[in-house]
1. Starting from the Cα of residue 48, move 7 Å in the Cα-to-Cβ direction to define the label point; list residues of region 1-38 whose amide nitrogen is under 19 Å from there.
2. Kindly provide the helix-only [θ] at 222 nm of the chain, computed as the sum of -39,500 (n - 2.57) over DSSP H runs of four or more divided by all residues, to the nearest 500 deg cm²/dmol?
3. Of the residues 36, 51, 97, which exhibits the maximal mean-square fluctuation in a Gaussian network model of the chain defined by a 10 Å Cα contact cut-off?
4. State log₁₀ I(q)/I(0) for region 2-100 at q = 0.10, 0.12, 0.13 Å⁻¹ as given by the Debye formula over alpha-carbon point scatterers of equal weight, solvent excluded.
5. Which shape class, rounded, prolate or oblate, goes with region 59-100 when its Cα gyration tensor gives a ≥ b ≥ c as root eigenvalues, a/c under 1.5 marks rounded, and past that a/b bigger than b/c marks prolate?
6. Mind checking the angle between helix 2-11 and the chain's longest principal axis? C-alpha axes, 0 to 90 degrees, to the nearest 10.
7. Could you list 29, 57 in order of exposure, starting from the residue whose Cβ has the fewest other Cβ atoms within 10 Å?
């Protein structure tokens, strides 16, 4: 439940998040959806992820790796399988709706 509340706070919208392997998520009024394929607490999240405007049943593979740097955590993001021509929109979306929103909401 904590994961869902965290997501709803920074996205400022209703969300569905089943935070377990095979669990599905839907964010930003249905604009983003997918499924968690790997979850390693404090280390790694991998998911099948898509924008609603992408071709039907087309998913990218998103890998988020968390690296403990002592007084900070480094986040490494890898995104594979974005439809041709959607790369910049996807990059801007991640920056705006995830990274900037989390920074504005929580201060990091």
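1. Hits in region 1-38 for residue 48 at 19 Å: 16-27, 30-38.
2. Working: 3 runs with 23 residues, N = 108.
After summing the helix terms and dividing by residue count, I get -5500 deg cm²/dmol.
3. Highest fluctuation among the options: 97.
4. Listed by q, the Debye log ratios stand at -0.27, -0.39, -0.46.
5. On the way: a/c = 3.92, a/b = 1.89, b/c = 2.07.
Oblate, because a/c is 1.5 or more while a/b does not exceed b/c.
6. That helix lies at roughly 70 degrees to the long axis.
7. Arranged by neighbour count, lowest to highest, 29, 57 become 57, 29.
Throughout, read-outs are computed from the coordinates displayed, never taken from laboratory work. In this text the structure is predicted, and so the values were computed from the model without any measurement. With ideal geometry, Cβ positions are generated from the backbone for all residues, glycine too; neighbour counts draw on all protein chains shown.
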